[in-house]
1. Any residue in region B:170-185 that is more than 8 Å from chain A (Cβ to nearest Cβ) and more than 15 Å from B:Trp23 (Cβ to Cβ) sitting within a Cβ distance under 7 Å of a residue that is surrounded by fewer than 23 Cβ atoms within 10 Å (Cβ to Cβ) and modelled with pLDDT of 90 or more? List the pairs, counting only those 6 or more apart or interchain.
2. Under 7 Å between Cβ atoms, which residue pairs at least 6 apart in sequence (or on different chains) link something in region B:37-57 that is among the small types (Gly, Ala, Ser) with a partner that is surrounded by fewer than 17 Cβ atoms within 10 Å (Cβ to Cβ)?
3. So, in region A:170-228, how many residues would count as being in a strand (DSSP E or B) and without any contact (Cβ under 8 Å) to a residue 24 or more places away in the chain?
4. Looking for something outside any strand (DSSP E or B), touching a Gly at 6+ places or on another chain (Cβ under 7 Å), among the hydrophobic types (A, V, I, L, M, F, W, C) and surrounded by 15 or more Cβ atoms within 10 Å (Cβ to Cβ) - is there at least one such residue anywhere in region A:270-279?
5. Regarding B:Val195, is this residue within 13 Å of chain A (Cβ to nearest Cβ), buried (at least 18 other Cβ atoms within 10 Å of the Cβ) and on the phi < 0 side of the Ramachandran plot?
6. Of the residues A:Asp137, A:Asp144, A:Asp172, which single one is within 16 Å of A:Val221 (Cβ to Cβ), surrounded by fewer than 23 Cβ atoms within 10 Å (Cβ to Cβ) and not β-branched (Val, Ile, Thr)?
7. Please verify whether B:Leu148 is under 30 Å from B:Leu103 (Cα atoms), buried (at least 18 other Cβ atoms within 10 Å of the Cβ) and either of a type in the set (Ser, Thr, Tyr) or modelled with pLDDT under 95 (or both), treating the condition exactly as stated.
8. Kindly provide the set of residues from region A:95-106 that are within 14 Å of chain B (Cβ to nearest Cβ) and closer than 21 Å to A:Ala44 by Cβ, ordered by number.
Amino acid sequence: MRARRLAIALTAVAALTLGACSGGADEADDTADAGATETSDGGAEGTLRVGIKFDQPGLGYQDGSDYTGFDVAVAKYVAEKLGYGADQIEWVQAPSAQRETMLQNAQVDMIFATYSITDKRKEVVGFAGPYFVAGQDLLVAADDDSISGPEDLEGKNLCSVTGSTSAQRIKDEYATGTNLLEQPGYAECVTALVAGTVDAVTTDDIILAGLAAIPANEGKVKVVGNPFSEENYGVGLPKDSEVCEDVNAAITEMIEDGSWQEALDENVGASGYVPNDELNPPTVVACA
Amino acid sequence: MDEGYLEKFLSLFDEYDVLAAFWVNIQLSLYAAVIALVIGTVLAVMRISPVPSLRWAGATYVTLLRNTPLTIIIVFCVLGLWGQLGLTLSSDFQTNFFRLAVLGLAVYHAAFVCEALRSGVNTVPVGQAEAARAIGLGFWSAARLVILPQAFRGAVAPLGNVLIALIKNSTVAAAGSVAETSGLMRTMIEFRPDVIFAIFLTFAVGYVIIVVPVGLATTSLSRRLAVAR
């Protein structure tokens, strides 16, 4: 008797799961249809390959088979406006050093990966946006009140990622006596910060906020909130891309209908971080 | 390739000190090679010794270190030894990381030096060891006077391969906050994506210039030193 009851229970569970699955599939189809009807050319075929970071919590993060973060949210919104449903997006990992090459070799169609617009980069790739203006800031221990800006780092230990712009700027412009620890990733830097061997971690404020917002770090670290640079995050596109104006239009729409703010709160809000409101939300720049 | 590209490429060398970065890698390799040779020789002696516990300890070291990725060892040196355990090898902040990286490179490559030497020991005929025993030498004297000298001469080529691997692996020190070639390359790519292929080529050619002479030298040495049997 017991075995039969178990079998019935299992069947019920299986049926429920199946139902839930098909429900999910319907939803995905709906969004794809909606995207298609909204674009003038009647929806897009094939897939859109979007380059994101896989290892930046709050911005672009691979969580099992899911992708989460602010960059991902903006990418999804833009893709939908271009006529690609959620199931037509192929997420590709785009590490910093490979972004230009991936666009030039057409390995990706667009990149949303904390990609600052710079003149040198504009020589080889195109940019739409900016969709966010970040600023370089510091992450310190939650109980550390001695550091309120880059000038306070004289003689202290600072961690950043190898090959990044940020740490060198502090050494060059603010505190020459800073001890610099370079690590392969920000996760290692936060480990060193929590262990107390470094006093601060530096990079763009929104990246720090993403790190501070992950449950393991909550309450242990905080973003100082005194940004001292301007990083315009753009959408990386192949040079002379035809969709640049469409991407810009989508970003503008996202900011106007409130989804932009929603995505920001959802992904990095938990750290208490508020982006620089003089510069955000940004106004997109016309494509060159 | 237009002239503008060449000019942009050359401006890289004004902006970044590529030679200094290579010099750091050469220094890392030299220090690590010497220490690895010492540790590796001790390990090799342990592994051929008649004492089972020494043989076991040597084998464990080699198996563990050889099968651990070097990046993990270097990151452990910084985040584990320095970060958690507070091990400092120098009062100067950056020198400390340099020495930790040398330590990481040395203990890793010691495992490979040990294996290279053991392959050298295998080239020594068993009769040599038996003869050494027959004239009344103990294990240590036999190893020092008869087996190891021949083993080193037989192991020059594999030792050269370990040295070449070490030179190239020294780039992993970037993971331990040492300002060397691979770290500089990442910085250059971050700021100068307009000449990205020239940057790759520069470092590739740089390593060829360093490594090829090592290969030629060890090959010719291994021929000249080989024990004629």
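1. Pairs that qualify, where the first residue is more than 8 Å from chain A (Cβ to nearest Cβ) and more than 15 Å from B:Trp23 (Cβ to Cβ) and the partner is surrounded by fewer than 23 Cβ atoms within 10 Å (Cβ to Cβ) and modelled with pLDDT of 90 or more, are B:Val172/B:Leu70; B:Val172/B:Thr71; B:Gly176/B:Val75.
2. The qualifying pairs are B:Ser49/B:Arg55; B:Ser49/B:Phe139.
3. Residues that pass the stated criteria total 2.
4. Within region A:270-279 (the criterion being outside any strand (DSSP E or B), touching a Gly at 6+ places or on another chain (Cβ under 7 Å), among the hydrophobic types (A, V, I, L, M, F, W, C) and surrounded by 15 or more Cβ atoms within 10 Å (Cβ to Cβ)), the answer is no, since none of the residues qualifies.
5. Details: within 13 Å of chain A (Cβ to nearest Cβ): yes; buried (at least 18 other Cβ atoms within 10 Å of the Cβ): yes; on the phi < 0 side of the Ramachandran plot: yes.
For B:Val195, the condition - within 13 Å of chain A (Cβ to nearest Cβ), buried (at least 18 other Cβ atoms within 10 Å of the Cβ) and on the phi < 0 side of the Ramachandran plot - is met.
6. The unique qualifying residue is A:Asp144.
7. Judged against the criteria, B:Leu148 is a match.
8. Here is the first cut: in region A:95-106, the ones within 14 Å of chain B (Cβ to nearest Cβ) are A:95-105.
Correct list: A:Met102, A:Leu103.
The values are calculated or read from the model by the stated rules, or taken from the named source; none is laboratory data. Keep in mind it's a predicted model, so treat the numbers as computed, not measured. Glycine also receives a Cβ, built like all others from the backbone with ideal geometry; neighbour counts cover every protein chain displayed.
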